[in-house]
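Participant: Quick one: this structure, given as C-alpha cells, is what I'll be asking you about.
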Amino acid sequence: MALDIGTWDLACEFNNTSHRTELNGIDQLIVRRGQPFTINLNLRSGSYEPGVHQLHIVAETGPDPVEQYGTKAVFGLSDNIDDTQWSAAVTSPPGEIVSLSICSAPDAAIGRYTVTLDGRIQFELILLFNPWCPRDMVYMNREEDLEEYVLAQDGIIYRGDAKYPIPSAWYFGQFEEGILDVCLSILDVNPKCQRNPGKDCSGRRNPIYVTRVLSAMVNSNDRDNGVLEGCWKQTFDGGISPMAWRGSVEILKTWSSTSCLPVRYGQCWVFAAVACTVSRALGIPCRVVTNYLSAHDTNSNLVIERYVDENGKLLNTSRDMIWNYHCWVESWMARPDLKEGFDGWQASDPTPQEKSEGMDTIFILHTHTPHHVYKIPFFLTTLGVFCCGPVPLKAIKDGEILCKYDAPFVFSEVNADVETFLKYQDGSTRKIISSTVVGQNISTKSVGSDKREDITHLYKYPEGTAEEREAFKKANYQNKLMRQPDNTGLHVTIKVSSEMRKGCDFDVYCVVTNQTSVVKKCRLVFASRAMSYDGAIGQECGFKDLLNVELPPGGERKVPLRLNYKKYCNAITLDNLIRLGALLIDYSTKEGILAMRTIVLENPEIKIKILGEPKENRQLAAELTMQNTLPETLNACCFSIEGANLTGGKTITESLSTSIEPGQEAKIKIYFTPTHYGLRKLLVDFNSDKLGPVKGFRNVIIGK
C-alpha cells in the first residue's frame, strides 16, 4: 500500500550540519555519500504501518541515468539502513509524520540528483565524496587531517626559494556562496562530459577520474572551457597579474559569470590553489605542495642540460628548465586500480606543462569493500591533453615510473640530473662542475598550524642511501647510477647577507678555495641577473670579471659583489628574485666550476591590528600599517583585504589619499563583518606604482 504523502521537509539545516556541508548554506540539501540523511514526510491521511506501506524510490544523476553505470538507483524500504548501497528505512514510530532515512552508496557518482518517491514526489540534492566514510575511496581516518584538508577554507602556499621559503596565505573559499555550483559546472562542461555525458557522470563515482578531469579543466590550454589561462611573461595585458590573486573565489566566480571564458592570468600556485578549492568542495582531501628547484624535463630523459656562456649567463638553448619552485596538489584516495601499497597521497598538476601520457579507465564497481572489485571497464582517452596525475607519491619515491598517471614527469621534477656545459665563443662546449640538486625542501602547510612541513621524504629517499639507489634502478635511471663525485680540488660557494630588503644596497660574496697542492691561476666571473620563478633569466643586476685570480695551495679568496637598488629596481620581476652565478675557470686544466644561488628580496612587513571584539555579524576594523622601505616615493597606494566568512566572498579595497615618502608609513582602517565563527585568516595586500603586491595575513578567532 502506498503512503498518502501531502508535504515533505528536507531538513536541510539538520542534514547539512550532520554531513559537514552547512557552510555551503542550508537552502538546499547537500549530503555526502555512504552516510544516511533524514527527510520528514507529512501524511494527508492515515499513518505509516510497517510491513503494510511501501515506498518506491528512484535516485538519478546526469542526463542519461542508467543502473548499469551507477547513475540510477531503484530501491524500496528496508527494515534497516544498508550503508553499502542505496537504501531507505523509516526511523519514526507509526504516526502522521514519517521520518525517512536514506543512504546513498559509498561509491555513488557525485553531483546533482533527483530523487523520486512513488513516481510523483520529487526533490533534489547534491551528493559529495565522503572522506568520513570508511567505504569511500577518499576515506581519511584522522579528524585533524579532515579539518585541514577538507574543511579549512584558507591555508598557506610556499614560494620564494629553497633557502628562504616565503609563506603566502590563500583563501580557498570552497564553502562560499555559489562556489559548489561553479565546481559542479566545471565537471559538466569538461570535454569528456560533452562527448559522452552518461559515461562521464558514471566516472564521477571514482575520485581518480574526477581528479584527472580537474587537472585538465583548471587550465585552458586545450581550449576546453578551462578555468585559468597561464601567462609567464612580464606583462599581463588583458588580465590580472597572477601575483594579484589572494584566493580562488573571485577566479571561480569570474569564470562562471563570463560563460566559462578562461580567467587571465594564472601561474603554478594559482592553478594549484584553484584545483585545491574545487577538490575540497567536492569532498576530496587536498593540499597544495611546493617543490623547490623543480625540473621541467620536456624529453623524458631525466636530464636537464644547461648551457652557460663565458660570462656565466644561462643560455636558452632548450625547453628543459629548472623552476625556482613549482606548485601542484596532492589528493588523498585509495588506488584499487594499482597494486597494493599505493593508497594515500596522489600528486596531480593542473599547471599546463606537458600533455598527458595516459588513458582514463573508468570501472563500474560491483562490490563495496574498501578494496573495490571491478566489473565493467570502459575508456575515455586523455592522450594529448594538458593534465598530469594523479600518481601515488609512493610510486615516485620507489621509482615505479610505469605507474598511472604521468609518473615519469613527476619523478623527473624531483629527481632529474642536471648537467651544465660551458659554451665558448667559437661554439665549442665543455662539461663543467655544478652542484645543483633538484627536488629540495618539498613543502606544505602543517596540519592545525601555520608552520611549514617538509615532505621531501614522501617523494624521495635520502641521498646516497641503498633505498635511493634501488629506486633509481627501478626507474632505469642510469645517469644517477653511474655518477661519480666531482673532485677538482677547487671549490666555489656563494655567501649572502642576512638581510636583503627590497630598496636597499647590499653585498653578496663568492668564496673560492684551492684544496690542491699546487698554485692555481683562474678566471672568476661573478654575475647577478633578475630571474622569474620559472627559471627565465632577465636583465643584469651586477657583474664582476676577474681575469687573474691566483690561489696558493690551501688558499681562499672572498670576492664581494655590490647589488645597488638603482640598478636592480628596474630589472627584477614581481617575483623579487635575483640569480647569482659564480663561474671559476682553471687556466691549467680548462675545467670550469659553477656555483649558483637564488636570493629573494624581502618586501616590507604589513602590520595588521584587529579593532573590536571579533564576533559573528559584528563589524570589525583592520588597522593596516606598512613602512615604505624604498628610497623613492610611492604613489597610487591602496590596501585590500579578503577572507573566508570575513568579507562576504568579496575583496574590500581602500585607497590612500596621499603619496608615501621614503621611510614614511602607509596607514588605513578597513571595516568588515564576519559571518561565521571559528579560526579564519584575514589576507591583506598593499599595492602602489613602485612596490607591490606586498602580502600579509593575520589569524582571527571569530566568536559566536
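Participant: Give the lysines whose C-alpha is closer than 28 Å to that of K199, dropping any in the same chain fewer than 8 places away, or say none.
Facilitator: Within the straight-line cut-off, K199 pairs with K72, K253, K339, K355, K375, K404.
Participant: Oh, and also: If I model a spin label as a point 7 Å beyond the Cα along the Cα-Cβ vector, how far apart are those points for R223 and S185 in nm?
Facilitator: 2.2 nm
Participant: Once the piece of chain linking T456 and H56 is laid out straight, how much longer is it, given 0.36 nm per residue of separation minus the C-alpha distance between them?
Facilitator: Here the answer is 138.7 nm.
Participant: Output wanted: per-residue J couplings in Hz (rounded whole) for segment 455-463, from phi through Karplus 6.51 cos²θ - 1.76 cosθ + 1.60, θ = phi - 60°, x for Gly and Pro.
Facilitator: Going residue by residue, I get 10, 3, 5, 7, 9, 7, 7, x, 4 Hz, with x marking Gly and Pro.
Participant: Now for a different question. Please sort by residue number the trypsin sites (Lys or Arg not before Pro) in segment 1-108 whose DSSP state is loop and whose Cβ has at most 10 other Cβ atoms within 10 Å.
Facilitator: For trypsin sites (Lys or Arg not before Pro) across segment 1-108 that sit outside H, G, I, E and B with at most 10 neighbouring Cβ atoms in 10 Å, the list reads R44.
Participant: Determine the relative contact order of segment 206-356: mean sequence separation of Cα pairs under 8 Å and six or more apart, normalised by residue count, in whole percent.
Facilitator: Normalised by residue count, the contact order of segment 206-356 is 25 percent.
Participant: If you average the C-alpha positions of segment 219-285 and of segment 1-33 separately, how far apart do those two centres end up, in angstrom?
Facilitator: Distance between centres, Cα-based: 32 Å.
Participant: Here is a follow-up. Neighbour counts of other C-beta atoms within 10 Å: give me L228, L282, L634 arranged from fewest to most.
Facilitator: Ordered from fewest to most neighbouring Cβ atoms within 10 Å, L228, L282, L634 come out as L634, L282, L228.
Participant: Mind checking which lysines have their C-alpha under 16 Å from K445, skipping anything on the same chain fewer than 8 residues away?
Facilitator: The reachable lysines, counting only those whose Cα sits under 16 Å from K445, are K681.
Participant: Something else now. Be a star and scan segment 512-531 for residues whose amide nitrogen sits under 14 Å from the point 7 Å along the Cα-to-Cβ vector of T589.
Facilitator: The answer is 513-523, whose backbone nitrogens lie closer than 14 Å to the label point.
Participant: So which DSSP H runs in the chain come out at 18 Å plus along the axis (Cα) with average Kyte-Doolittle of at least 0.0?
Facilitator: Once both thresholds are applied, what remains is 268-282.
Participant: Hey, another quick one. State the Cα centre-to-centre distance between segment 609-668 and segment 82-122 in whole Å.
Facilitator: Between the Cα centre of segment 609-668 and that of segment 82-122, the gap is 50 Å.
Participant: Report the antiparallel proportion of the DSSP beta bridges in the chain as a percent, rounded to a multiple of 5.
Facilitator: Roughly 90 percent of the beta bridges in the chain run antiparallel, per DSSP.
Participant: Sticking with this structure for a sec: Counting other Cβ atoms within 10 Å, which GluC sites (Glu not before Pro) in segment 437-543 have at most 14 and lie in a DSSP loop?
Facilitator: When the GluC sites (Glu not before Pro) of segment 437-543 are filtered for loop state and at most 14 Cβ neighbours within 10 Å, E463, E499 remain.
Participant: Follow-up. Ordered by residue, what ³J(HN,Hα) values in Hz, to whole numbers, does segment 446-452 give under the Karplus form 6.51 cos²θ - 1.76 cosθ + 1.60, where θ = phi - 60° and Gly and Pro are x?
Facilitator: So the J values, rounded to whole Hz, are 6, 5, x, 8, 8, 6, 7.
Participant: Let me ask you something else. Relative to the present Cα-Cα distance, how much length would full extension add between D337 and S449 at 0.36 nm per residue of separation?
Facilitator: The D337-S449 span can extend by a further 36.9 nm.
Participant: Give me the one-decimal nm value for the distance between modelled label points at T84 and K690, 7 Å along each residue's Cα-to-Cβ direction.
Facilitator: In this crude label model, T84 to K690 measures out at 7.2 nm.
Participant: Checking the cross-link filter: which aspartates and glutamates have an alpha carbon closer than 15 Å to that of K474, excluding same-chain neighbours under 8 positions apart?
Facilitator: By straight Cα distance, K474 reaches D398, E400.
Participant: Related question: Once the Cβ-Cβ distance between E632 and R469 is put in as r, and R0 is 51 Å, what FRET efficiency do you end up with, to the nearest 0.05?
Facilitator: With R0 = 51 Å, the Cβ-Cβ based efficiency is 0.40.
Participant: Could you pull out the trypsin sites (Lys or Arg not before Pro) across segment 519-590 that fall in loop regions by DSSP (anything but H, G, I, E, B) with no more than 16 other Cβ atoms inside 10 Å?
Facilitator: Loop-located and lightly packed - K590.
Participant: Taking the number of other C-beta atoms within 10 Å as the exposure measure, put D337, D426 in order starting with the fewest.
Facilitator: Lowest to highest Cβ neighbour count: D426, D337.
Participant: Can I ask one more? So if I place +1 on the C-beta of Lys and Arg and -1 on the C-beta of Asp and Glu, and nothing else carries charge, what would the dipole magnitude of segment 62-118 be about its Cα centre? I want it in debye, nearest 20.
Facilitator: Roughly 180 debye, rounded to the nearest 20.
Participant: Collect residues whose amide H, placed 1.01 Å from N in the peptide plane, falls under 5 Å from the amide H of K690; neighbours closer than 5 in sequence don't count.
Facilitator: N635
Participant: Can I ask one more? Ranked from highest to lowest mean number of other Cβ atoms within 10 Å per residue, what is the order of the peptides 340-346, 159-165, 289-295, 75-81?
Facilitator: Highest to lowest by the protection proxy: 289-295, 159-165, 340-346, 75-81.
Participant: A further question on this structure: Quote to one decimal, in nm, the extra length available between S659 and S428 on full extension: 0.36 nm per residue of separation minus the C-alpha distance between them.
Facilitator: Result for the pair: 77.8 nm of gain on full extension.
Participant: Follow-up. Work out the length of the dipole vector of segment 460-579 about its Cα centre, built from +1 on the beta-carbon of each Lys and Arg and -1 on the beta-carbon of each Asp and Glu, and round it to the nearest 20 debye.
Facilitator: Roughly 180 debye for segment 460-579.
Participant: List every residue whose amide H lies under 5 Å from the amide H of G266, counting only residues 5 or more places away in sequence or on a different chain, with H placed 1.01 Å from N in the peptide plane.
Facilitator: E229, G230, C231
Participant: In segment 484-600, how many lysine pairs have Cα atoms under 14 Å apart, counting only pairs 8 or more places apart or on different chains?
Facilitator: 6
Participant: Sticking with this structure for a sec: Given F543, L594, N514, which one lies farthest toward the positive end of the charge dipole of segment 484-600, if we put +1 on the Cβ of every Lys and Arg and -1 on the Cβ of every Asp and Glu?
Facilitator: F543
Participant: Quick one: order L43, L261, L252, L577 by neighbouring beta-carbon count within 10 Å, fewest to most.
Facilitator: L261, L43, L577, L252
Bear in mind that the values in this text are calculations on the coordinates, not laboratory data. Fair warning: this is a prediction, and the values are worked out from it, not measured in the lab. Methodologically, a virtual Cβ is constructed for each residue, glycine included, from the backbone with ideal geometry; neighbour enumeration extends over all protein chains shown.
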